[in-house]
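Worksheet: one structure, shown below.
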Amino acid sequence: MREIKVPVTRIEGHGLITIVLGRDRKVSRARFHVTEGRGFERFCQGRTLWEMPGITARICGICPVSHLLCSAKAGDAILAVRPPHPADKLRRLMNLGQFVESHALSFFHLSSPDLILGWDSDPKARNVFGLAAAHPQLALDGIRLRAYGQEIISALGEKRVHPAWAVPGGVRAPLTPAARDRLAAKLPEAMRIAQDALSLYEDTMGNWADEVATFGNFPSLFMSLVGEEGAWEHYEGRIRFVDAERRIVADGLDPARYPEYIGEAVEGWSYLKFPYFQRDGYPDGLYRVGPLARLNCCDRIGTRRADEALGRFRSIAGGKAVTSSFHYHYARLIEIVAALERVEAYLDDPEILSPRVRAEAGVNELEGVGVHEAPRGTLFHHYWVNEDGILERVNLIVSTGHNNLAMNRTVAQIAHHYLDGAKVTEGLLNRLEGGIRAYDPCLSCSVHAAGRMPLRVVLVGPDGEVLDEKVRDA
Amino acid sequence: MINLRIDDTPVQAEPNSTILTAARAAGIRIPTLCHLDALRPVGACRLCLVEVRNWNGRLVPACATPVQEGLDVVANSDRLASLRRTILELLFAERNHICAFCVSNGHCELQDLATELGMDHVTFPYRFPALAVDASHAKFGIDHNRCVLCGRCVRACAEVEGAFTWGFAGRGVHTLVDADLGEPWGESETCTGCGKCVQACPTGALFEKGKATAEQVKRPALLADVTQRRPRA
């Protein structure tokens, strides 16, 4: 048996891919391991409910807002209150800022070097700096678009990263008119960049037919929240599952009752759990979440430009679900447009300047679930507290977890297609990483934004001897 | 008046005042943590240590040492800065002080001292004790993870409110502040719920329930204010 190990870079955190070859030199098994364990579910026990948004926001430096808002929503459930309407809108506004920021980072900083410079281009230049040298305007645009998302977050939470702003019952501070005007002034440029990027993707995706066909291209279920009348939703709504034909498999599910339809499996070779759709069992109940799933699940987005783009997106699969994970990139770009259109609507709404942003209450329920859509997919925070509001148990299902089974299948598909049993090629390594990167998994930090890409691959023969070894330094 | 020197500056002070009072009157900064105006000095934290040249360089707590004629005091030196940093490091290493999500982040005397004294690393191994949060009180909570045992709450409760709810239990590093000899705070029969202990606390150890990260702003000067306004017999 031969085994190839590929550390995965240019994603958020540490991962490893192992490919095991049979004696026939064919891929017998491929796995994506998440090699870090962090223990949030354990060390939140004993803390107070009101600290939870602040604690769980620290899960991530890229999408802290997602955990912040989801935790605050679980807190709302335990206080048994509905935040005032202005708070609700401001939380949505911040989440949209997070979508813009996180999606821009994923596309421009992490993935566009592969898409624009090519999968087989020189790895020394295939990063954000190489992109800046070859396409300075595109790189600059990416930085500006991400900065706009961050500006929305900091206009509300005073900080770009880890704002402790959402609290159980609402938010801490309202939006000021000056901040609203600043955001409104910069919106047209952000919209221009988002539409340019979308056009660029649509013009070039024909170049990547091979990758589209092999980067996680398989039928599966998709899950996301959908709003009223099946509209695209990022903050509230009910859970919907669709299949590869885009037929609704389950609809109107109460997100707070997720244990009735989502199971969580554990494997000894990864720190990340494996959620699955209970009706189909493990591992057949594989489903995908995130931008691709949200666009496959919704009936419409609800804003003009995004709905036009959704029409073009649907047409590549003849109206059925888009099943190639490569098109997570496509969906992400459409969602940036959708997010900016909604930001525009909120900035025109006078209610977002209201000072009524917080409902005060004590502990009224001993269990609460917060669910919303993070940039990477549906996020669940489930808390159990005692009478004093001290956490007794915590269950988090993070977006990347839902995609765990799909990422594993994607790695296997790419290995089958690109692996030449005798040689570890640069193109194979980068496609394995690229296949994972399409999901924009958030395993923790953004090392590669600085251009580093340490990579080590070992090909081991049947009797444990090293057949090939390739090291690429940072 | 008593004449003494602090950091080579001639200073005059009232009899029965302390080195700390004299230094403050002269505009000389000496860091403190367990000291709070209106409460009796206890010299517990040792952050206000000063060196007395004509006592063979002996280190004494400025908050609890009365002025004497002719004292030659060093309030700021490299040696004192190093000692104060070490004391702070020991305080941080002793319990679980995690500023990132603390209710008092940005409004914490311990955090401010670390910044002021340049304590950017803790060189001692952290103890990581497993300590609980008592949120049984209707209005307030106590998080022992953030307690530095300065005793300001214990003194505020006894000396200003007169309730004597808070006391120390255990010894040495295992000491805990507790209510009514170990009752949950919410079940205390002596606590009046006045909140003076919370306002006196320099860290996020005592907090108002419902406050989220960085929301707990303390008003320790309140203790001196209410003491001063109180009618005297």
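The values are calculated or read from the model by the stated rules, or taken from the named source; none is laboratory data. Worth saying up front: this structure is predicted, and the values here are computed from it rather than measured. A quick note on method: Cβ atoms are made from the backbone with ideal geometry, for glycine too, and the neighbour counts reach across all protein chains shown.
Among strands (runs of 3 or more DSSP E) lying entirely in segment B:127-233, which contain 3 or more residues that are within 30 Å of A:Gly75 (Cα to Cα)? Let's see the steps before the verdict.
On the way: elements: B:140-143, B:166-169, B:176-179, B:206-208.
Here the list reads B:140-143, B:176-179, B:206-208.
In this structure, is B:Cys108 assigned by TED's automatic domain parsing to the domain that holds B:Gly195 and in contact with a Cys (Cβ under 8 Å, 6 or more places away or on another chain)?
yes
Please work out which residue is nearest to A:Ala374 (Cα to Cα), limiting yourself to segment A:237-253 and to residues that are of a type in the set (Gly, Ala, Ser) and surrounded by fewer than 18 Cβ atoms within 10 Å (Cβ to Cβ).
Kept after step one, since they are of a type in the set (Gly, Ala, Ser), are these residues of segment A:237-253: A:237, A:244, A:250, A:252.
So of that shortlist, the ones also surrounded by fewer than 18 Cβ atoms within 10 Å (Cβ to Cβ) come out as A:244, A:250, A:252.
Details: A:Ala244: 22, A:Ala250: 21, A:Gly252: 19 Å.
So the residue we want is A:Gly252.
Given the options A:Ala265, A:Ala309, name the one that is surrounded by 22 or more Cβ atoms within 10 Å (Cβ to Cβ), out of contact with any Ser or Thr (no Cβ under 7 Å at 6 or more places or on another chain), of a type outside the set (D, E, K, R) and over 25 Å from A:Arg91 (Cα atoms). Don't jump to the end; show me each part of the working.
On the way: A:Ala265 fails: surrounded by 22 or more Cβ atoms within 10 Å (Cβ to Cβ).
Exactly one residue qualifies, and that residue is A:Ala309.
In the set A:Arg294, A:Arg305, A:Arg314, A:Arg342, which member is over 13 Å from the mean Cα position of the chain (by Cα), more than 30 Å from A:Thr176 (Cα to Cα) and at pLDDT 95 or above? First the steps, then the outcome.
Numbers: A:Arg294 fails: over 13 Å from the mean Cα position of the chain (by Cα); A:Arg305 fails: more than 30 Å from A:Thr176 (Cα to Cα); A:Arg342 fails: more than 30 Å from A:Thr176 (Cα to Cα).
Only one candidate passes the filter, namely A:Arg314.
One residue is enough: does segment A:392-414 have a residue meeting the conditions out of contact with any Lys or Arg (no Cβ under 9 Å at 6 or more places or on another chain) and free of Cβ contacts under 8 Å to residues at least 12 places away in the same chain?
Within segment A:392-414 (the criterion being out of contact with any Lys or Arg (no Cβ under 9 Å at 6 or more places or on another chain) and free of Cβ contacts under 8 Å to residues at least 12 places away in the same chain), the answer is no, since none of the residues qualifies.
Hey, A:Leu117 hits all of (1) in contact with a Gly (Cβ under 7 Å, 6 or more places away or on another chain); (2) under 25 Å from A:Cys63 (Cα atoms); (3) not small (Gly, Ala, Ser) but one; which does it fall short on?
So A:Leu117 meets the others, but not (2).
Only residues that are in contact (Cβ under 8 Å) with a residue 60 or more places away in the chain and more than 14 Å from every other protein chain (Cβ to nearest Cβ): list them for segment A:154-192, please. Spell out the reasoning first.
Of all residues in segment A:154-192, those in contact (Cβ under 8 Å) with a residue 60 or more places away in the chain come to A:156-157, A:161-177, A:180, A:183-184, A:187, A:190-191.
Once the filter is applied, which keeps residues that are in contact (Cβ under 8 Å) with a residue 60 or more places away in the chain and more than 14 Å from every other protein chain (Cβ to nearest Cβ), segment A:154-192 yields A:Leu156, A:Pro174, A:Leu175, A:Thr176, A:Pro177, A:Arg180, A:Leu183, A:Ala184, A:Leu187, A:Ala190, A:Met191.
Take segment B:19-36 and flag every residue that is outside any helix (DSSP H, G or I) and surrounded by 16 or more Cβ atoms within 10 Å (Cβ to Cβ). Break it down into steps so the answer makes sense when it comes.
So the first thing to find is which residues in segment B:19-36 are outside any helix (DSSP H, G or I), and the list is B:26-36.
Scanning segment B:19-36 gives B:Ala26, B:Ile28, B:Ile30, B:Pro31, B:Thr32, B:Leu33, B:Cys34, B:His35, B:Leu36.
Which of the numbered conditions does A:Pro84 fail, given that it passes all the others? Conditions: (1) within 14 Å of another protein chain (Cβ to nearest Cβ); (2) in contact with a Ser or Thr (Cβ under 8 Å, 6 or more places away or on another chain); (3) over 21 Å from A:Glu335 (Cα atoms).
Here A:Pro84 meets the rest and fails (1).
Quick one: which strands (runs of 3 or more DSSP E) sit completely within segment A:352-401 and have at least 1 residues that are in contact with a Ser or Thr (Cβ under 8 Å, 6 or more places away or on another chain) and farther than 17 Å from A:Gln45 by Cα?
Numbers: elements: A:367-374, A:377-385, A:391-397.
In segment A:352-401, A:367-374, A:377-385 are the strands (runs of 3 or more DSSP E) which contain 1 or more residues that are in contact with a Ser or Thr (Cβ under 8 Å, 6 or more places away or on another chain) and farther than 17 Å from A:Gln45 by Cα.
With (1) away from chain A (no Cβ under 14 Å); (2) in contact (Cβ under 8 Å) with a residue 40 or more places away in the chain; (3) surrounded by 15 or more Cβ atoms within 10 Å (Cβ to Cβ) as the list, and B:Arg127 as the residue in question, which single condition is left unmet?
Condition (3) is where B:Arg127 drops out.
Taking the conditions exactly as written (more than 15 Å from the chain's Cα centre (by Cα) and in contact (Cβ under 8 Å) with a residue 24 or more places away in the chain), does B:Asn105 satisfy them or not? Can you show your working first?
Values: more than 15 Å from the chain's Cα centre (by Cα): yes; in contact (Cβ under 8 Å) with a residue 24 or more places away in the chain: yes.
Here the answer is yes, as B:Asn105 does meet what is asked.
When you check B:Arg229 against the structure, is it closer than 17 Å to B:Cys108 by Cα and out of contact with any Leu (no Cβ under 6 Å at 6 or more places or on another chain), yes or no? Don't jump to the end; show me each part of the working.
On the way: closer than 17 Å to B:Cys108 by Cα: no; out of contact with any Leu (no Cβ under 6 Å at 6 or more places or on another chain): yes.
No; evaluated as a whole, the condition is false for this residue.
Looking only at segment A:122-133, count how many residues are part of a helix (DSSP H, G or I), out of contact with any Pro (no Cβ under 8 Å at 6 or more places or on another chain) and either exposed (fewer than 14 other Cβ atoms within 10 Å of the Cβ) or touching a residue at least 40 places away in the same chain (Cβ under 8 Å) (or both). First the steps, then the outcome.
Going through segment A:122-133, the residues part of a helix (DSSP H, G or I) turn out to be A:128-133.
Next cut, out of contact with any Pro (no Cβ under 8 Å at 6 or more places or on another chain) only: A:129, A:132-133.
Still in the list and also either exposed (fewer than 14 other Cβ atoms within 10 Å of the Cβ) or touching a residue at least 40 places away in the same chain (Cβ under 8 Å) (or both): A:129, A:133.
So the answer is 2.
Considering (1) surrounded by fewer than 24 Cβ atoms within 10 Å (Cβ to Cβ); (2) more than 12 Å from every other protein chain (Cβ to nearest Cβ); (3) in contact (Cβ under 8 Å) with a residue 24 or more places away in the chain; (4) not acidic (Asp, Glu), say which one A:Cys63 fails and leave the rest.
So the condition that A:Cys63 fails would be (1).
Name the residue, out of B:Val160, B:Val177, B:Val133, B:Val148, that is buried (at least 21 other Cβ atoms within 10 Å of the Cβ) and free of Cβ contacts under 8 Å to residues at least 24 places away in the same chain.
Working: B:Val160 fails: free of Cβ contacts under 8 Å to residues at least 24 places away in the same chain; B:Val177 fails: free of Cβ contacts under 8 Å to residues at least 24 places away in the same chain; B:Val148 fails: free of Cβ contacts under 8 Å to residues at least 24 places away in the same chain.
The match here is B:Val133.
When B:Pro202 is evaluated against the numbered criteria (1) buried (at least 16 other Cβ atoms within 10 Å of the Cβ); (2) within 14 Å of chain A (Cβ to nearest Cβ), which criterion, by number, is the only one it fails?
So the condition that B:Pro202 fails would be (2).
Taking segment B:130-163 as the region of interest, how many residues are more than 18 Å from the chain's Cα centre (by Cα), of a type in the set (A, V, I, L, M, F, W, C) and away from every other protein chain (no Cβ under 14 Å)?
Final tally of qualifying residues: 1.
Across segment B:47-75, what is the number of residues that are surrounded by fewer than 17 Cβ atoms within 10 Å (Cβ to Cβ), assigned to a loop (DSSP other than H, G, I, E, B) and either touching a strand residue (DSSP E or B) at 6+ places or on another chain (Cβ under 7 Å) or in contact (Cβ under 8 Å) with a residue 24 or more places away in the chain (or both)?
In the first step, residues of segment B:47-75 are kept if they are surrounded by fewer than 17 Cβ atoms within 10 Å (Cβ to Cβ); the result is B:53-59, B:66, B:68-70, B:72.
Pick out the ones that are also assigned to a loop (DSSP other than H, G, I, E, B) and you get B:56-57, B:68-70.
If we keep only those that are either touching a strand residue (DSSP E or B) at 6+ places or on another chain (Cβ under 7 Å) or in contact (Cβ under 8 Å) with a residue 24 or more places away in the chain (or both) as well, we get B:57, B:68-70.
Count: 4.
Which members of segment B:83-101 meet the condition of being within 14 Å of another protein chain (Cβ to nearest Cβ) and of a type in the set (A, V, I, L, M, F, W, C)?
B:Ile98, B:Cys99, B:Ala100, B:Phe101, listed by residue number.
Mind telling me which of the residues A:Glu189, A:Glu151 ends up being assigned to a helix (DSSP H, G or I), within 21 Å of A:His109 (Cα to Cα), among the acidic types (Asp, Glu) and over 21 Å from the mean Cα position of the chain (by Cα)?
On the way: A:Glu151 fails: over 21 Å from the mean Cα position of the chain (by Cα).
Matching residue, one of A:Glu189, A:Glu151: A:Glu189.
Among residues belonging to segment B:205-233 that are surrounded by 18 or more Cβ atoms within 10 Å (Cβ to Cβ) and among the polar types (S, T, N, Q), point out the one that is nearest to the other protein chains (Cβ to nearest Cβ).
Top of the filtered list is B:Thr213.
Any residue at all in segment A:85-105 that's assigned to a loop (DSSP other than H, G, I, E, B) and more than 16 Å from the chain's Cα centre (by Cα)? Break it down stepwise before answering.
Just the residues of segment A:85-105 that are assigned to a loop (DSSP other than H, G, I, E, B), to begin with: none.
No, that holds for no residue.
Which residues, taken from segment A:190-231, are under 15 Å from A:Ile248 (Cα atoms) and in contact with a helix residue (DSSP H, G or I) (Cβ under 9 Å, 6 or more places away or on another chain)?
A:Ser220, A:Leu221, A:Phe222, A:Met223, A:Ser224, A:Leu225, A:Val226, A:Gly230
Look through segment A:367-392, keep the residues that are out of contact with any helix residue (DSSP H, G or I) (no Cβ under 7 Å at 6 or more places or on another chain) and within 14 Å of chain B (Cβ to nearest Cβ), and return whichever of them is nearest to B:Ala212 (Cα to Cα).
A:Ile390
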